[in-house]
Every structure is written in structure tokens, then in C-alpha cells.
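Below: the structure, in C-alpha cells.
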Amino acid sequence: MKPSLVHSQVTRYIIDILSLIMDPRYVTLFIFLVLALHGDTTLAETCRQFVKVHPFCFKAMCKANCAIEGKFSDGSYVKDYRCESGGFHSVCVCILCKH
């Protein structure tokens, strides 16, 4: 499932529960306050995976490569990074996200 689809299903479930408990006016006010205080109507971030092959992978080098790729490609930040090695060839796997 796409993260946005799951997010919309969770949001719909929360709204249904709130409408059972609260008056519709208060549900509307609550949702408005959440959106106003959060400042983002999507409440989600978009992430992508970037993989770079290295002969050897070190955590510091991997983190630097991820930060450079994220910053210069589309302004993303590094959410996660890791080195995966299989013999002589290693890969640096980056999870780059953007709000």
C-alpha cells in the first residue's frame, strides 16, 4: 500500500471515532486546530532510496555521501543510512526524505 493511502485511511478512521464521541462542530474545530498548529495539510513526508556502490563502505563515508546526494539533488535530508557489504563490493543505502 502507498503511505498516503494508509495515512488517509487512518485519518478517516480517527474522524469516524471522533464523530461518534463528539458533536460535529467540535470535530470540525478539532481538525482545524490540528491543521493550523501543524502547518501542513498533508501531514506526510516523501522518501526515496538512493544506493551507491563502493569498493569499501564506512559509516562516516556513507553518511557524507547521503547528505551530499540529498542536499544537491532536491534538498532532501538523510533519514537513515547503512552499509551493506557482500564480499569485495559494498553498497551505501540512503533513505532521503523531503517534507
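The values are calculated or read from the model by the stated rules, or taken from the named source; none is laboratory data. Quantities reported herein were computed from a predicted structural model and do not represent experimental measurements. All Cβ positions, even for glycine, are placed from backbone atoms using ideal geometry, and neighbour counts span all protein chains on display.
Scanning region 48-71 for residues that are within 18 Å of H89 (Cα to Cα) and touching a residue at least 40 places away in the same chain (Cβ under 8 Å) turns up F50, V51, K52. Kindly indicate the residue of region 1-33 that is modelled with pLDDT of 70 or more and of a type in the set (S, T, N, Q) and also surrounded by the most Cβ atoms within 10 Å (Cβ to Cβ) among those meeting that condition. So, considering only residues that are modelled with pLDDT of 70 or more and of a type in the set (S, T, N, Q), the one surrounded by the most Cβ atoms within 10 Å (Cβ to Cβ) is T28.
Quick one: in region 47-84, of everything that is among the polar types (S, T, N, Q) and surrounded by 12 or more Cβ atoms within 10 Å (Cβ to Cβ), which residue is farthest from the chain's Cα centre (by Cα)? Residue satisfying both the conditions and the ranking: N65.
A residue that is at pLDDT 75 or above, outside any helix (DSSP H, G or I) and exposed (fewer than 14 other Cβ atoms within 10 Å of the Cβ) can be found somewhere in region 34-46.
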